[in-house]
Amino acid sequence: MTDVAVVGYASSPSVRETQGTTNGVEMLVPLFSEVFAETGLRKSEVGFWCSGSSDYLAGRAFSFIAAVDAIGAVPPINESHVEMDAAWAAFEAMVAIRTGEVDTAVVYGFGKSSAGELRKILALQLDPYTLAPLWPDSVSVAALQARAGIDAGAWTEQQMAEVVAASRRKARANPRSQLSGEYTAEELLAQPRFADPLRRHDCAPVTDGAAVLVLAGAERAEDLCERPAWIGGMSHRVETPHLGERDLSTSVSTKAAAADLDIGGVRLAELHAPFSHQEILLRQAIGLDEAVEVNPSGGPLAGNPMFAAGLSRIGEAASRIHDGSADAALAHATSGPALQQNLLCVLRGER
Amino acid sequence: MLSAPLEPGFDYTRSYGPLLGRFAAGLRACRILGARGADGKVHVPAVEYDPETAAALSELVPVSPTGTVRTWSWQSAPLSGQPLEQPFAWALIQLDGADTAMLHAVEAPGPEAMRTGMRVHARWAAERRGAITDIACFVPGEGPDERGELPEVPDAVEEMLTSPIHLSYMHSASPQESTYLRELAEGRVVGMRCPVCRKVYVPPRGACPVDGVPTEEEVELGDNATITTFCVVNVPFPGQRIKPPYVCAYILLDGADIPFLHIVLGCAASEVRMGMRVRAAWKPREEWTTNLANIDHFTPNGEPDAPFESYAHHL
């Protein structure tokens with residue numbers, strides 16, 4: 001089976017609210033142009049298109065079909081969609097290339113979270129019999145997890161505040177970030193609680209945004225990118241949807257995904273942690289030591305476009321390989337409540 | 001850009017299945033049941049399959065309505081549909097006799113009244129329908145003495161759960177759609193031309209579906225059009241404006257490259273044909289809004305039929 005590399009990436013600015021439609025066309029059109037210009041790939045050459053988005057977020061049926069207008073799908077294209085973060089669309093595309101079905105793929109994710117009540121909409125991803133009828137919103141569910149970890153001694157509120165301060169600081173260098181600035185942990189801890197034990201800054205902002213990733217097999221990758229980010233391994237695992245069956249202070253699925261991969265030499269990780277405590281949890285579950293730099297982009301706490309933020313973790317990590325600043329990087333994406341499902345992807349400068 | 005509130009709603013109906021149906025029937029009778037696995041572990045709420053082994057579970061056992069808070073969070077501004085209207089705690093509660101925790105609300109005066117490890121018990125809704133919401137919430141403290149005071153476990157199965165889902169959005173029109181809708185309010189139909197393939201789209205699109213570029217050049221279209229294809233509506237349905245039979249047709253405005261659906265009146269349904277020439281019949285000006293319904297219907301304009309070749313590539 002052929003090796004697969006990330007050869008292009010583009011993302012929109014993370015913003016609180018765009019004027020565009022919920023079908024993402026206005027955000028996607030410039031991103032497709034950007035990756036085509038960056039890679040030299042032509043639309044007609046793309047073997048497979050795969051997207052991640054949600055009709056619940058858009059409030060309309062088949063919103064991802066309207067997004068296909070942004071591609072210009074004439075003559076007809078080879079296309080697929082996942083109703084989850086587009087990191088899983090990247091997994092599907094990776095499989096399509098590895099199996100030799102296609103040699104290139106464009107993966108995209110988009111979400112206009114500002115259109116609805118995000119934390120309430122996300123309650124609908126829960127078990128429809130015993131959880132969703134209570135409308136437990138995503139922030140409250142994450143807060144249950146935050147306290148479970150505090151009670152278990154897995155992290156402290158001080159550490160959570162330090163994660164936020166680091167995210168805001170690093171995001172200053174990322175022009176596409178939504179939230180950035182210089183704060184001390186003490187300043188953050190002085191803020192009132194929002195969903196006790198979480199403070200507002202412990203939660204990723206509501207973000208509109210999109211991201212596009214280009215994948216290629218070994219025969220095309222070096223034509224399209226000077227230093228491809230080779231996918232050394234990609235694994236995803238899921239846990240039970242029943243929150244009370246899980247030990248929320250850790251992530252069994254992340255540990256299992258990490259065990260599938262060789263993460264040796266990784267000194268940089270982009271973690272899809274929409275809540276501050278989850279960055280600490282993921283660091284522990286994957287087994288990243290202090291020497292590993294986490295979320296140099298600022299991560300999801302600096303901008304969290306739903307259904308694109310996980311894909312962006314792969315893109316941001318790959319960009320560090322592309323520009324030569326890293327030789328090995330790890331990307332993580334999550335889906336579902338309180339890190340129910342987790343995907344890990346190892347990227348390397350060498351095949 | 002134009003935007004408007006969008007409030008989709010739907011009553012989802014879901015069959016419970018045999019195991020969850022008995023769990024739900026228990027709730028209606030003020031009893032909480034757990035599913036016991038081969039390892040003796042009791043799962044509450046009942047789960048159909050063991051999360052560890054994936055073995056199908058079938059044995060249900062009653063557990064206590066009293067339990068211990070394993071973790072909690074504070075909902076300072078409850079959202080519509082949540083169990084309590086005043087601020088409350090969410091908690092994962094491990095009921096006595098259960099090995100897993102269930103999510104529910106705990107009524108408490110404030111977060112200072114909550115702590116991990118505290119004891120809580122279920123308070124039942126006055127009207128129960130066989131659903132998780134039959135537990136109104138949990139309240140602090142030990143529940144009623146179990147001996148002889150708990151209702152009997154019913155020998156019953158709930159069939160269906162009805163879940164009304166109502167969501168609120170602010171729906172935004174694209175820049176092109178906004179122009180189109182504003183022009184409609186002035187009695188004009190405006191399409192937009194793709195700068196690459198030169199096709200005119202009405203309604204205009206955010207991106208040309210052929211070329212993937214925004215359509216930009218505005219093109220005002222007249223009232224005259226050709227019917228490319230049509231159907232005769234004979235089936236009555238709720239909300240129908242016109243008594244069947246009537247004609248729903250694809251209307252290709254002169255100068256446009258894509259037809260849209262509209263209604264044809266002003267002749268017998270049996271007279272409508274492909275290629276028939278029609279014109280827009282606008283509502284009285286005072287009724288115009290940002291809506292294609294400003295055109296009440298299309299009606300024959302008396303011109304000779306368009307030749308098939310003139311619209312064949314728009315079918």
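Of everything in segment A:253-275, what is within 14 Å of another protein chain (Cβ to nearest Cβ) and either in contact (Cβ under 8 Å) with a residue 24 or more places away in the chain or under 17 Å from the mean Cα position of the chain (by Cα) (or both)? Give them in sequence order.
Within segment A:253-275, A:Ser253, A:Phe275 qualify.
Looking at B:Pro238, B:Pro195, B:Pro244, B:Pro204 in this structure, which one is under 24 Å from the mean Cα position of the chain (by Cα), assigned to a loop (DSSP other than H, G, I, E, B) and over 30 Å from A:Arg119 (Cα atoms)?
The match here is B:Pro238.
Take residues that are facing chain A (nearest Cβ under 10 Å) and not small (Gly, Ala, Ser) and tell me which of the strands (runs of 3 or more DSSP E) falling wholly in segment B:62-160 contain 1 or more.
The qualifying strands (runs of 3 or more DSSP E) are B:66-75, B:88-95, B:102-106, B:135-140.
Is there any pair with a first residue in segment A:108-125 that is farther than 14 Å from A:Gly59 by Cβ and a second that is at pLDDT 95 or above and of a type in the set (Asp, Glu) whose Cβ atoms are under 6 Å apart and which are 6 or more apart or on different chains, and what are they?
Every condition considered, the pairs that remain are A:Arg119/A:Asp137; A:Ala123/A:Asp137.
Can you pull out the helices (runs of 4 or more DSSP H) entirely within segment A:7-69 that have at least 2 residues that are at the interface with chain B (Cβ under 10 Å from one of its Cβ atoms) and modelled with pLDDT of 90 or more?
A:25-39, A:55-58
Residue by residue through segment A:109-160, note down the ones that are in a strand (DSSP E or B) and facing chain B (nearest Cβ under 9 Å).
A:Lys112
Restricting the search to segment A:205-228, which residues are out of contact with any strand residue (DSSP E or B) (no Cβ under 7 Å at 6 or more places or on another chain) and touching a residue at least 12 places away in the same chain (Cβ under 8 Å)?
A:Pro205, A:Val206, A:Ala218, A:Glu219, A:Asp223, A:Glu226, A:Arg227
Which one of these does A:Ala58 not meet: (1) surrounded by fewer than 21 Cβ atoms within 10 Å (Cβ to Cβ); (2) out of contact with any His (no Cβ under 8 Å at 6 or more places or on another chain)?
Condition (1) is where A:Ala58 drops out.
In this structure, is B:Leu92 under 24 Å from A:Ser138 (Cβ atoms), surrounded by 15 or more Cβ atoms within 10 Å (Cβ to Cβ) and not hydroxyl-bearing (Ser, Thr, Tyr)?
Yes, satisfied.
Does A:Ile314 meet the test of being modelled with pLDDT of 95 or more, β-branched (Val, Ile, Thr) and more than 24 Å from A:Asp196 (Cα to Cα)?
For A:Ile314, the condition - modelled with pLDDT of 95 or more, β-branched (Val, Ile, Thr) and more than 24 Å from A:Asp196 (Cα to Cα) - is met.
Let me confirm something: among B:Pro18, B:Pro62, B:Pro5, which residue is outside the structural domain of B:Pro154 (by TED's automatic domain parsing) and modelled with pLDDT of 95 or more?
Just one listed residue meets the conditions, B:Pro5.
The values are calculated or read from the model by the stated rules, or taken from the named source; none is laboratory data. What you see is a predicted model, and the numbers here were worked out from it, not measured in a lab. Positions of Cβ are backbone-derived with ideal geometry, glycine not excepted, and every protein chain shown enters the neighbour counts.
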